[in-house]
Amino acid sequence: METTTLQLHKQNFKFSSAHFLIFNKQSAERLHGHNYQVKVNIVVPPEQELNKEGYFVDFNVFKKIIKTKLDQWDEMVLLPAKHEDMKFTENGPSLEVRFRERFYVFPKNEVLRLPITNTSVEQLSQLLAQHFIAEFGAYGVQKVQVSVEETRGQGASTTAGL
């Protein structure tokens, strides 16, 4: 049986965000940023026929979905909403963040509280893979692989399926 995989590795599939990684109960990185690069592989379902023109779906359909999601994360502070030591208080247009002995105040509209326990590339790739498989399912896609690199050659991939 043949399997066809669409590979979308565009230069503009990127987002620049601040975060810090939490290692354990005593240790965490300092707040810093990355220029993340994202790659998306879409497995064409084996039972899916290519259309009469010989392709599965116009790449632009998937590229728009990917770019829209990454733009939502661009130039944001990414924080793990599900970590037990993260405490958030909204104060007007500000978001006060307490993490153990640390205290931050950010403009509320520049922070994304993600439904994860850590802002690792592993969990970022999982979130993106879950989002993309849900979106791409409308086109018959049943499996997607998403890679997130925080620096060239250093990242994680997640494969998600329906």
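A few comments on the model shown:
- Whole-number D in µm² s⁻¹ for the chain, Kirkwood Cα-pair radius fed into Stokes-Einstein, 4 °C, 1.567 mPa s: 76
- On full extension, the segment bounded by T117 and Q72 gains 14.3 nm, given 0.36 nm per residue less the C-alpha separation.
- Charge-dipole axis of the chain as Lys and Arg at +1 and Asp and Glu at -1 on Cβ define it, positive-most pick from V40, F99, T117: F99
- The chain: angle of helix 59-73 to the longest principal axis, Cα-based, in degrees nearest 10: 0
- Along the axis of the charge dipole computed for the chain (Cβ charges of +1 for Lys and Arg, -1 for Asp and Glu, origin at the Cα centre), the listed residues L79, F56, G137 are led at the positive end by L79.
- Antiparallel DSSP beta bridges within the chain, percent to nearest 5: 85
- With Rh defined as the Kirkwood radius, the inverse of the mean 1/r over Cα pairs, the Rg/Rh of the stretch 78-159 is 1.08.
- In the stretch 40-127, the chymotrypsin sites (Phe, Trp or Tyr not before Pro) that fall in loop regions by DSSP, at most 15 other Cβ within 10 Å: Y55
- Virtual spin-label span in nm between S157 and V61, 7 Å along Cα→Cβ: 2.4
- Using the Cβ-Cβ distance between Q11 and K108 with R0 = 45 Å, the FRET efficiency computed as 1/(1 + (r/R0)^6) comes to roughly 0.90.
- Choice from A18, A28, A81 showing the highest fluctuation, given a GNM over the chain with Cα pairs closer than 10 Å: A28
- Rg followed by Dmax, in Å, when the stretch 1-72 is reduced to its Cα trace: 17.9, 59
- Exposed loop sites, defined as GluC sites (Glu not before Pro) outside DSSP H, G, I, E and B with at most 14 other Cβ atoms within 10 Å, are absent from the longest region of the chain, namely 102-162.
- Tilt relative to the chain, helix 121-136 - C-alpha long axis, 0 to 90 degrees, to 10: 40
- Top of K14, K25, K82 by mean-square fluctuation, Gaussian network on the chain, Cα under 10 Å: K25
- Environment charge of G161, counting only residues whose C-beta is closer than 15 Å and scoring Lys/Arg +1, Asp/Glu -1: -1
- Nonlocal Lys pairs with alpha-carbon distance under 17 Å, the chain (8 or more apart, or different chains): 19
Values quoted throughout were computed directly from the atomic coordinates according to the rules given, and no laboratory measurement underlies them. These figures come from a predicted structure and were not determined experimentally. Cβ atoms come from the backbone with ideal geometry, glycine included; neighbour counts cover every protein chain shown.
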